[in-house]
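Enquirer: Once you've had a glance at the structure underneath, I'll fire off some questions.
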Amino acid sequence: MDCDIAIIGGGVIGLAIASSLADRKSNIYIVEKNDSHGRGISSRNSEVIHAGIYYPTGSLKAELCIEGRQLLYEICAENKIPHLKIGKLIIATSEEEMATIEHLWMNAKKNGISSVSLVAQGKIAEMEPHIRAFGAVFSPDTGIINAHALMDYYLCDARSKGADIVYGTEVVGIDKISGGYRIATVNRNGECFDFDSERVVNAAGLHADRIAGMVGKNYVQHFCKGDYFSINNVKKGIVQKLIYPVPEKNHAGLGVHLTLDLQGRMKLGPDATYIDRVENYMVDASKKERFYEAAVKFLPFIHKEDIVPDMSGIRPKLQAAGEDFHDFVIREDLPGFVNLVGIESPGLTAAPAIARCVRDVLAARSVLA
């Protein structure tokens with residue numbers, strides 16, 4: 001075998017897995033189709049460290065988000081990765097939405113998140129005097145992180161323990177062979193190269209279903225695009241916390257919300273629009289009116305001219321438009337072949353816990369072997 005473990009995908013999940021698995025005794029390759037790591041989902045999100053409030057109790061999304069959050073804060077503290085635990089308010093913009101707020105609070109409690117609390121209108125005015133809300137769930141454990149710094153840490157750690165990464169190389173075929181898998185690739189120059197690996201981890205993000213299909217596993221991911229608009233001409237620090245409306249039905253998205261980056265810059269988004277399977281990251285500027293109307297309900301200080309197109313990202317959802325909640329898939333579908341499919345939010349938060357999960361699956365395989 002050319003390597004012990006091949007990890008397909010150099011986003012935050014693939015890099016976290018490489019960091020977790022690398023031990024100087026194993027030969028680990030990360031295969032990344034782009035010219036640098038983290039160019040896809042991992043760099044096109046809100047960079048939020050989620051608490052685990054929204055997800056159904058017992059789901060992988062809930063359990064791995066909660067475990068990953070704790071691990072992520074520890075990793076950040078120990079390795080000086082820029083982050084801030086700034087907290088989040090999930091707000092009701094009308095009396096009718098208060099029932100949803102109470103449901104979210106109860107769901108958080110069921111998920112074991114003891115730090116969340118219900119806050120009334122008067123308390124919200126003390127916490128964030130410039131927003132408008134009838135009531136809210138307050139999550140003090142929600143934070144923000146520099147996702148690129150996290151990925152750089154994971155890659156540096158993996159490399160220090162013997163792992164390696166190859167860029168500009170796309171996986172185009174996988175065959176089961178005796179003792180492992182033969183992986184066919186093509187690089188940016190059109191050159192083809194095959195190599196053999198004892199075990200394979202499919203962390204290919206938007207294309208994880210296509211990779212799984214190469215070994216006969218039928219998953220279908222649906223592209224769900226989210227646009228962001230930045231807010232200009234507003235005094236820095238006017239809002240201190242992340243502000244989220246009640247989430248959309250069927251977990252399609254969390255609604256147009258206010259996020260902050262580590263420099264205090266304010267952004268609205270993402271929304272949730274199902275699209276064809278094309279990686280189009282152009283922001284739809286025609287959505288400006290819709291974003292403004294959604295945001296001005298709870299941010300009365302903004303003006304339409306303050307909102308400008310910023311960036312976009314694409315989520316790989318397992319549920320099609322209108323379908324109910326679908327969980328992460330983290331499964332050893334063939335001996336030594338682990339598929340990670342539908343890894344959208346809270347994937348960034350859950351990354352260290354997902355890495356542990358994959359390590360445990362492969363460790364069990366080694367013991368059984």
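Enquirer: Considering the dipole of the stretch 253-330 built from charges on the beta carbon (Lys and Arg +1, Asp and Glu -1) around the Cα centre, which of 282, 296, 256 is farthest to its positive end?
Expert: Sorting the options by dipole projection puts first 296.
Enquirer: Can you sort 169, 349, 100 so the residue with the fewest Cβ neighbours within 10 Å comes first?
Expert: 100, 169, 349
Enquirer: Going highest first, how would you order 12-21, 173-182, 149-158 by mean Cβ packing within 10 Å?
Expert: With the highest mean Cβ count within 10 Å placed first, the list reads 12-21, 149-158, 173-182.
Enquirer: Which one, 5, 226, 106, projects farthest toward the positive side of the charge dipole computed for the chain from Cβ point charges (K/R +1, D/E -1)?
Expert: Result: 106, furthest along the dipole toward the positive end.
Enquirer: Which shape class, rounded, prolate or oblate, goes with the stretch 21-65 when its Cα gyration tensor gives a ≥ b ≥ c as root eigenvalues, a/c under 1.5 marks rounded, and past that a/b bigger than b/c marks prolate?
Expert: Verdict is oblate for the stretch 21-65.
Enquirer: Would you mind checking the tilt of helix 98-110 against the longest principal axis of the Cα atoms of the chain, expressed as 0 to 90 degrees and rounded to 10?
Expert: So the inclination is approximately 40 degrees.
Enquirer: A follow-up question, please. In whole Å, how far is the Cα centre of the stretch 169-219 from that of the stretch 307-369?
Expert: Taking the Cα centre of each part, the stretch 169-219 and the stretch 307-369 sit 17 Å apart.
Enquirer: Please give the peptides 200-208, 313-321 ranked by average Cβ packing (other Cβ atoms within 10 Å per residue), highest first, as a rough proxy for protection.
Expert: 200-208, 313-321
Enquirer: Still on this structure, I have one more. Give me the percent of DSSP beta bridges within the chain that run antiparallel, rounded to the nearest 5.
Expert: 75 percent
Enquirer: Using the Cα centre of the chain as the reference point, and only Cβ charges (+1 on K/R, -1 on D/E), how large is the resulting charge dipole? Debye, rounded to the nearest 20.
Expert: Dipole about the Cα centre, nearest 20: 500 debye.
Enquirer: Relative to the Cα centre, what is the charge dipole magnitude of the stretch 237-369, using +1 at the beta carbon of each Lys and Arg, -1 at the beta carbon of each Asp and Glu, and rounding to the nearest 20 debye?
Expert: 300 debye
Enquirer: Give me 246, 186 sorted ascending by neighbouring Cβ count inside 10 Å, so fewest comes first.
Expert: Lowest to highest Cβ neighbour count: 186, 246.
Enquirer: Determine one quarter of the surface area of the Cα convex hull of the stretch 127-169, which equals its mean projected area, and express it in nm² to one decimal.
Expert: Taking the Cα atoms of the stretch 127-169, their convex hull projects to 6.2 nm² on average.
Enquirer: Also: Name the shape class, rounded, prolate or oblate, that the alpha-carbon gyration tensor gives for the stretch 81-198, where a ≥ b ≥ c are the square roots of its eigenvalues, rounded holds for a/c under 1.5, and otherwise prolate holds if a/b is larger than b/c and oblate otherwise.
Expert: Cα axes put the stretch 81-198 in the prolate bin.
Enquirer: So, one more: For the chain, take the longest principal axis of its alpha carbons; what is the angle in degrees between that and the long axis of helix 12-21, to the nearest 10 within 0 to 90?
Expert: 50 degrees
Enquirer: For the chain, take every pair of Cα atoms, bin their distances at 20 Å starting from 0, and report each bin as a whole percent.
Expert: Result, from short to long distances: 29, 56, 15, 0 percent.
The numbers here are math on the coordinates, done by the rules we state, and not lab data. The structure presented is a predicted model; accordingly, all values stated were derived computationally and were not measured. Note: ideal-geometry Cβ built from the backbone for every residue, glycine included; neighbour counts use all protein chains shown.
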